[in-house]
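To start, the structure under review is shown below, and the notes come after it.
The values are calculated or read from the model by the stated rules, or taken from the named source; none is laboratory data. Predicted model only: the values in this text are computed from it and were never measured. Cβ: placed from backbone, ideal geometry, glycine included. Neighbour counts: every protein chain shown. Just so you know, the surface numbers come from the protein's heavy atoms only, side chains and all, with ligands and any DNA or RNA stripped out. Shrake-Rupley method; radii C 1.70, N 1.55, O 1.52, S 1.80 Å.
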Amino acid sequence: QVQLVESGGGLVQAGGSLRLSCAASGRTLSWSAMGWFRQGPGKEREFVSAINWSGGSTYYADSVKGRFTISRDNAKTTVYLQMNSLKPEDTAVYYCASGTGLSYFERSYNYWGQGTQVTVSS
């Protein structure tokens with residue numbers, strides 16, 4: 001079993017930055033791909049970014065490419081999402097997830113955190 005706990009969300013003005021963290025406990029995640037998804041108000045959950053087990057490959061949604069950076073520290077079993085140049089449309093609950101392979105799709109991820117709220121004011 002794996003437990004994922006997100007942190008780092010909050011309220012920020014447009015143009016600002018936040019860094020989300022996802023701390024894992026339980027079975028080791030060193031060999032798992034990790035993803036970030038988000039669900040905005042009245043919207044379906046959508047893919048944001050993902051990183052493979054080694055950190056050597058990453059995926060990004062077009063909407064965040066160039067602004068967000070995903071990284072991982074396997075020694076600390078933590079995954080990060082650095083979010084810069086935030087926009088009001090980035091407002092959402094952000095979830096991290098663990099899966100067996102690098103993927104854009106929710107169905108590829110087995111374990112999910114509870115989410116952390118990010119609110120970007122204009």
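5 Å is the cut-off here: which amide hydrogens, built 1.01 Å from N in the peptide plane, fall below it relative to residue 16, excluding neighbours closer than 5 in sequence?
86
Treating cross-link reach as a plain straight distance, find the aspartates and glutamates whose alpha-carbon is under 15 Å from the alpha-carbon of residue 65, omitting any fewer than eight places away in the same chain.
46, 89, 90
So how strong a dipole does the chain carry about its Cα centre when Lys and Arg Cβ are +1 and Asp and Glu Cβ are -1, to the nearest 20 debye? Kindly include the intermediate steps, with their values, before the conclusion.
On the way: 11 positive and 8 negative charges, 32 e Å.
Computed about the Cα centre, the dipole is about 160 debye.
What relative contact order, as a whole-number percentage, does the stretch 22-62 give when Cα pairs under 8 Å and 6 or more residues apart are counted? Intermediate results must be reported in sequence, preceding the final value.
On the way: 49 pairs, mean separation 13.3, N = 41.
Computed over the stretch 22-62, the figure is 33 percent.
Take the solvent-accessible surface of the protein heavy atoms, probe 1.4 Å, and return the percent of it on the chain that carbon and sulfur atoms account for. Mind dumping the intermediate values first?
Values: 2910 of 6160 Å².
About 47 percent, which is the carbon plus sulfur part of the accessible surface.
Starting at the first residue of the stretch 5-20, write each ³J(HN,Hα) from the Karplus equation 6.51 cos²θ - 1.76 cosθ + 1.60 with θ = phi - 60°, in whole Hz, x for Gly and Pro.
The phi angles translate into 10, 8, 8, x, x, x, 9, 9, 7, 4, x, x, 9, 9, 10, 8 Hz.
From the phi angles alone, apply the Karplus equation (6.51, -1.76, 1.60; θ = phi - 60°) to the stretch 74-86 and give each ³J(HN,Hα) in whole Hz, x where the residue is Gly or Pro.
5, 5, 9, 6, 10, 10, 10, 10, 7, 10, 10, 6, 5
Over the chain, average the accessible area per residue using a 1.4 Å probe and give it in Å², no decimals. Display every interim value, and only then the final one.
Numbers: 6160 Å² over 122 residues.
Averaged over the residues of the chain, the accessible area is 50 Å².
At 7 Å along Cα-to-Cβ for each site, give me the label-to-label distance between residue 63 and residue 82 in nm.
Once both label points are built, they end up 2.3 nm from each other.
Let me have the relative contact order for the chain, percent, based on Cα pairs under 8 Å that are six or more residues apart.
36 percent
Running a GNM on the chain with Cα contacts under 10 Å, which residue among 79, 64, 48 ends up with the highest mean-square fluctuation?
64
What order do you get for 10-19, 51-60 when each peptide is scored by the mean count of other beta carbon atoms within 10 Å, highest first? All intermediate terms of the calculation are to be shown ahead of the outcome.
On the way: 10-19: 13.4, 51-60: 15.3.
Most protected by this proxy first, the peptides run 51-60, 10-19.
Among 87, 65, 43, determine the one that fluctuates most according to a GNM of the chain built with springs between C-alpha atoms less than 10 Å apart.
43
Does a label point 7 Å from the Cα of residue 54, set along Cα-to-beta-carbon, have any residues of the stretch 1-42 with amide nitrogen under 17 Å, and which are they?
Counting backbone N atoms under 17 Å from the label point, the list is 30-34.
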